[in-house]
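The values are calculated or read from the model by the stated rules, or taken from the named source; none is laboratory data. Keep in mind the model is a prediction, meaning the values are calculated, not measured. Note: ideal-geometry Cβ built from the backbone for every residue, glycine included; neighbour counts use all protein chains shown. Accessible surface areas use protein heavy atoms only, side chains included; no ligands, DNA or RNA. Shrake-Rupley method; radii C 1.70, N 1.55, O 1.52, S 1.80 Å.
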Amino acid sequence: MAEQEKEAALPKKENFSEWYNDLLQKGEIMDVRYPVKGLYVWYPFGFNIRRNTYNIMRELLDKDHQETLFPLLIPENEFMKEAEHIKGFEDEVYWVTHGGTSPLDVKLALRPTSETAIYPMYKLWVRSHADLPLKLYQIVNTFRYETKHTRPLIRLREITSFKEAHTVHATWDEAAAQVDEAIRIYTEFYRRLAIPVLPSRRPDWDKFPGADYTIATDALMPDGKTLQVGTAHHLGANFAKTFDITYEDVNGEQVYAHQTCYGVSERSVAALISIHGDDKGLVIPPEIAPVQVVIIPIIFKESSDVLQACESVKNKLEAAGIRVKVDASEDRPGAKYYKWEMKGVPVRLELGPRDLKNNAAMLVRRDTGEKRQVSLENISDEVLSLFGAVQTSLYEKAKQEVEERIFDCSTHDEIRQKITQGIAKVFWCGKKECGLKLEDEIGAGILGIPTGQEPCKGKCITCGTDADMQVYVARTY
Ligand SMILES: [Zn+2]
C-alpha cells in the first residue's frame, strides 16, 4: 500500500463510531464542518445517494398518495392546540420571534414535525366522505433542538430529509389499516435498500405524543444498537377534535375524521451506509449507487485502443440505462481501485490490451471482491444480472446478521450480556411498571411487540406472572 493510501485508510469497521464518522467524510456523504452544532452539509455525492433513496420512496408512495409542500413556520396558537403534542415537543422547538427588528405579534415555530401546520388546512379541505381517504406527503427539513449528543444523519438539529405522510380516513379501522399499509411500504422501501427491518408496536410510554398507538421499524446497526428508521402513528380522532376536522357522512351528519401520520428521515441513509459498508469504505446497492460501474483502463504505452474500447463499453452500458464512469485520470490503477471502492461503486471493469485482444474485461464485485473475466459481447446483460445478484446477496447477508443477533433471554443478567451484541427477546406481562423497571435495571429500551407475533406463553421477565407476548429489548440510538 502506498504511503498516501495508508494515510487515508479508514479505521476498521469494528470500531464502528470512528469508522462511521470517517466514512462520512472520506466517502463524501456529509461534511460536519458547518459552523452550527447539529447541522451538517450534504456533499453532492452523498446527496445523489439521498436522491436515489428518496426516489424509491416517491415511487412507492405515488401509487396512492400525493406529494405536497407546507410552510416551515407554524403560528404559536396552532402549535399549542394539542396538549399531549406540545408536551412531547416543547423542549425541542426553535422559535422565530422577530421580523427584522420588530417583535412578531404571534411567535412562529420552525416545524419540529408538521401536524400543526397541516391540520388547520385539513379542516378546510375535508368536507364530505367523498373527500376521504386523503393521503398526502411531503419531504422537508424539520428542526429540533436536540440536547443529546448530535450525530450526522442520526440525531440532528436540522433533519434535512423528513418524509412525512398525513392521511385522513372516515373510521378508526380504516386508519388502522393505513398504519399497517405504511409499515408494509416502509418494509418494501428498506428491502430495496437491502436492509431488513423489524416492525414492532411501541409501548404506550414511547408512542408519538397525541397518538393512539405507534408502530415503528428498527434496523440493527453493526455495533448491536438499533436505529429507529421509520414510524407510523394512529392518531385516532385526537387531532381531528383539536383541529375540528369533520366530514359529512352518508347520513348527512358531521362526524370527526380519523388520522394517521408516518415518517422516514435520512436515518435511512445512515442505516444504508452503516449496514453495508466495510473496511474499504461504502458498499452501495446498485439501485442507489450514483455510479454503478466504473471502468478502469489498464494502460501501458500506446493505448488509445484501450481508451477507445472503454468508451465504447461505457456507451453500451449507458444505452442499457446503467450509470457509468470511465476513470481515465493520471492516477495509478491501484489508487483508482482504492478511490472507487471507498465510494461503494458496485461493479468495476478493468480493461487492458490483453483483455481487448480477447474482447473481454475483468469484472470485480465491490461487495465480495470476487473477480472474473467476462466477454464484452453481452456486457450489459452480464452487468445487469450481476446487479440483481449483488442486491440479493446484500439483503440476505444483512438478514442473516439480524437473525443471528436476536437472542431469547430469560433473566436480566442474560439480557445485559446479549444486548451488547444485538437484540434480546423476552416475555413481558404488559404492565407498564414491569416494563419501566426492566428498562431501568438493564439500561436499555423496550422496542416493542413484534407485529404479526405468533401466539406464545411464558413468564414475565420482571414479575414472573403469566405473559402472552414477547418484546424486543435493545440499546438504541
Ligand atoms: Zn410483569
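Of all residues in segment 447-471, those satisfying the criterion of being open to solvent by less than 20 Å² (accessible area, probe 1.4 Å) and more than 13 Å from the ligand (Cβ to nearest atom) are 447, 448, 450. For segment 420-435, a residue qualifies if it is within 16 Å of the ligand (Cβ to nearest atom), open to solvent by less than 50 Å² (accessible area, probe 1.4 Å) and either outside any strand (DSSP E or B) or not β-branched (Val, Ile, Thr) (or both), and the qualifying residues are 424, 427, 428, 429, 430, 434, 435. Residue check: is residue 417 more than 14 Å from the ligand (Cβ to nearest atom) and within 16 Å of residue 218 (Cα to Cα)? Criteria not met by residue 417.
Quick check on residue 392: is it outside the structural domain of residue 43 (by TED's automatic domain parsing), of a type in the set (Val, Ile, Thr) and assigned to a loop (DSSP other than H, G, I, E, B)? Give the steps one after another, and end with the answer.
Working: outside the structural domain of residue 43 (by TED's automatic domain parsing): yes; of a type in the set (Val, Ile, Thr): yes; assigned to a loop (DSSP other than H, G, I, E, B): no.
No, not satisfied.
Once segment 119-138 is narrowed to residues that are within 20 Å of the chain's Cα centre (by Cα) and either over 22 Å from residue 210 (Cβ atoms) or not aliphatic (A, V, I, L, M) (or both), the residue that is surrounded by the most Cβ atoms within 10 Å (Cβ to Cβ) is 137. For segment 396-409, how many residues are open to solvent by less than 40 Å² (accessible area, probe 1.4 Å) and either within 16 Å of the ligand (Cβ to nearest atom) or assigned to a helix (DSSP H, G or I) (or both)? Qualifying residue count, segment 396-409: 3.
Rundown of residues vs (1) open to solvent by less than 30 Å² (accessible area, probe 1.4 Å); (2) modelled with pLDDT of 95 or more; (3) within 23 Å of residue 48 (Cα to Cα), yes/no style:
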| position | (1), (2), (3) |
| --- | --- |
| 336 | yes, yes, yes |
| 341 | no, yes, yes |
| 344 | yes, yes, yes |
| 350 | yes, yes, no |
| 373 | no, yes, no |
| 379 | yes, yes, no |
| 382 | no, yes, no |
| 394 | yes, yes, yes |
| 411 | no, no, no |
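For segment 27-53, what are the residues that are closer than 21 Å to residue 143 by Cα and part of a helix (DSSP H, G or I)?
Of all residues in segment 27-53, those closer than 21 Å to residue 143 by Cα come to 29-43, 46-47, 50-51.
Answer for segment 27-53, where residues must be closer than 21 Å to residue 143 by Cα and part of a helix (DSSP H, G or I): 46, 47, 50, 51.
For residue 289, the requirement of being modelled with pLDDT of 95 or more, more than 26 Å from residue 26 (Cα to Cα) and either open to solvent by 80 Å² or more (accessible area, probe 1.4 Å) or in contact with a helix residue (DSSP H, G or I) (Cβ under 8 Å, 6 or more places away or on another chain) (or both) is not met. Of all residues assigned to segment 60-73, none qualifies as being free of Cβ contacts under 8 Å to residues at least 24 places away in the same chain and crowded, with 16+ Cβ neighbours inside 10 Å. With respect to being more than 16 Å from the ligand (Cβ to nearest atom), small (Gly, Ala, Ser) and either closer than 27 Å to residue 276 by Cα or free of Cβ contacts under 8 Å to residues at least 40 places away in the same chain (or both), residue 444 fits the description. Listed conditions (1) within 22 Å of residue 398 (Cβ to Cβ); (2) within 16 Å of the ligand (Cβ to nearest atom); (3) open to solvent by 40 Å² or more (accessible area, probe 1.4 Å) are all met by residue 475, apart from (2). Please work out if residue 364 is open to solvent by less than 50 Å² (accessible area, probe 1.4 Å), over 24 Å from residue 277 (Cβ atoms) and either free of Cβ contacts under 8 Å to residues at least 24 places away in the same chain or outside the structural domain of residue 29 (by TED's automatic domain parsing) (or both). The answer is no for residue 364. Among the residues of segment 294-305, none qualifies, meaning not one is touching a helix residue (DSSP H, G or I) at 6+ places or on another chain (Cβ under 7 Å) and within 26 Å of residue 137 (Cβ to Cβ). Do the conditions hold for residue 281, that is, is it at positive phi and in contact with a helix residue (DSSP H, G or I) (Cβ under 7 Å, 6 or more places away or on another chain)? Taking the combined requirement at face value, the residue satisfies it.
Checking each residue in segment 85-100 for being in a loop (DSSP other than H, G, I, E, B) and either open to solvent by less than 40 Å² (accessible area, probe 1.4 Å) or at pLDDT below 95 (or both) picks out only 93.
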